[in-house]
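The values are calculated or read from the model by the stated rules, or taken from the named source; none is laboratory data. Please read these numbers as outputs of a predicted model, since none were measured by experiment. Using ideal geometry, Cβ is built from the backbone for each residue, glycine included, and neighbour counts are taken over all protein chains shown. We work out accessible area using only protein heavy atoms, side chains counted, and drop any ligands, DNA or RNA first. Shrake-Rupley method; radii C 1.70, N 1.55, O 1.52, S 1.80 Å.
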Amino acid sequence: MASPPPYNPVPIAYQGGMGAVPEWLNKGDNAWQMVSATLVGLQSVPGLVILYGSIVKKKWAVNSAFMALYAFAAVVLCWVCWAYKMSFGHKLFPFWGTAGPALGQKFLINRAALPASTHYFSNHRDVETPEAEPLYPMATMVWFQCVFAAITLILLAGSVLGRMNFKAWMMFVPLWLTFSYTVGAFSLWGGGFLFQWGVMDYSGGYVIHLSSGIAGFTTAYWVGPRVTNDRERFPPNNVLLVLAGAGLLWMGWAGFNGGDPYAANTDSSMAVLNTNICAATSLLVWTILDVIFFDKPSVIGAVQGMITGLVCITPGAGLVQGWAAIVMGIMSGSVPWFTMMIVDKRWKMLSAVDDTLGVVHTHAVAGFLGGILTGLFAEPQLCALFLPVTKSRGGVYGGGMQILKQIVGGLFIIGWNLVVTSIICIVLRFVVPLRMPEEQLLIGDDAVHGEEAYALWGDGEIYDATRHELYSDDTSHRHNHPSSGATQVV
């Protein structure tokens, strides 16, 4: 009789080599990556759904929230059917991966790998950094990158709230994901030409924020402006819920930046700390500027400052030191403030385009600024923990060429999004109007969706003009002190 196998005191769930626990699996990394993906997903649903639904005029609350919710769902399906491999698969062109589904278990339960991420020395023969192979399954990688793609489309939507035809938005989302987002993701993250050249984008300052800001502004141009009454006065319908959505956005950024080393390591910790330092600094600087120039500390302004700080640190979250994060926070709280409050009002090209939430300032300006500052402050030891190009360093540490790389990388993202987004909008105009008809624009949610965010009166009664007080979309409450500062911008 054969002797029984020796007793193993390690629980089965923690024994290596089992079917669901292969030798290469690091459970800590896998758990953190899944948590990070969930945190980023919560930034969108319910984070930006709540923020968008509450920061707009009350007649657009439902439409704005639904645009975010629809985009999230549409991106998930497109991502697993073809877009993931266009962003992180085998190289088709220097800026684009080969399309294909990410649905079968033979692909999803294998160890994660980015096949185009092998980095070679300048002779193009000797490997400088091997292919990225995190210690968790491909399913984790697919979902983690999916939530980044989804939030990019939702951020873009902020530029066209309050007037874009929902049917046009339904078509726009998969088209822009396919022809714009995947190009930036592959070029900078998936092993494309900007990745190989050494352009730094730790967690999406260019791939997500610069692209969504430029594409949002471009889409706003082609869609056209809101009705005059909405553009002149667009007060938030619930400032407290704006803060709730903003809080989810801020806390969720721990996964946004902390998950990008693809491991629960020291660089991940550095990224999370820097993220909070920069966001806090930027919020305070923006608020101080509001007080100095408008004599009012604006809640909406503070949220804008928080967002610009989070965006600015994103391309360098795990690459810069804490003092540099403070400097980046000072810059992100002041430069986008200046472009939004001063330049936007004086430069006709900016003021002529109705960018509803000022996404070009909070994301494009802040993202490009963060990318350039990363090229300035990237610390060599931190770069070695993350980047594929050995001996990478910022301008402060003798890497002056890195600043040029950052500028060129940003200009490529700007140019691609200007052209491709314009083409998508022009093509869509032949299929469906990009802008809602005037009768829908005047009424809002009820005309577009047959639903209203605040439709109940008294004890649950639907509003009836013959029995209830006069309803007016004007929320000025008949005071003689018009609001000023950041709230008016939004």
Solvent-accessible heavy-atom area per residue, rounded to whole Å², over the chain at 1.4 Å: 42 Å²
Dimensionless Rg/Rh of the chain - Kirkwood Rh, Rg from C-alpha atoms: 1.01
Rounded accessible area of residue 405 (nearest 10 Å², 1.4 Å probe): 40 Å²
Sequence-separation-based contact order of the stretch 27-445, relative, with Cα cut under 8 Å and 6+ spacing, percent: 22 percent
Estimated vicinal HN-Hα couplings, Hz - the stretch 95-110 in sequence order (Karplus 6.51, -1.76, 1.60; Gly, Pro = x): 10, 8, x, 7, 5, x, x, 10, 10, x, 5, 4, 8, 7, 9, 6
Long-range HN-HN contacts of residue 264 with modeled amide H, under 5 Å: 29
Relative packing of 253-264, 182-193, 323-334, 225-236, which averages over residues the other C-beta atoms within 10 Å, highest first: 182-193, 253-264, 323-334, 225-236
Peptide ranges 216-222, 369-375, 165-171, 422-428 listed from the most packed, as the mean C-beta count within 10 angstrom indicates: 369-375, 216-222, 165-171, 422-428
Calculated SAXS-style log₁₀ I(q)/I(0) at q = 0.21, 0.22 Å⁻¹ - the stretch 135-249, Debye, Cα scatterers: -1.25, -1.30
The stretch 66-140 and the stretch 205-267: distance between their alpha carbon centers, rounded to Å: 24 Å
Residue 451 accessible area, 1.4 Å probe, all protein chains in place, Å² to nearest 10: 110 Å²
Residues with amide H under 5 Å from that of residue 132, placed H, sequence gap 5 or more: 114, 117, 118
Mean Kyte hydropathy of -0.5 or more with a Cα span along the axis of at least 20 Å, helices from DSSP in the chain: 27-42, 61-78, 138-157, 239-258, 266-294, 299-313, 322-338, 400-429
60, 96, reordered so the largest accessible area comes first (probe 1.4 Å): 96, 60
Per-residue [θ]222 nm for the chain (sum of -39500 (n - 2.57) over DSSP H runs n ≥ 4, rounded to 500): -16000 deg cm²/dmol
Order of exposure, largest accessible area first, which applies to 57, 391 with probe 1.4 Å: 391, 57
Restraint check, 59/296; 85/106; 57/345; 27/106, Cα-Cα greater than 24 Å: 59/296
Extreme residue, positive dipole direction of the stretch 128-235, given options 134, 161, 212 (C-beta unit charges): 161
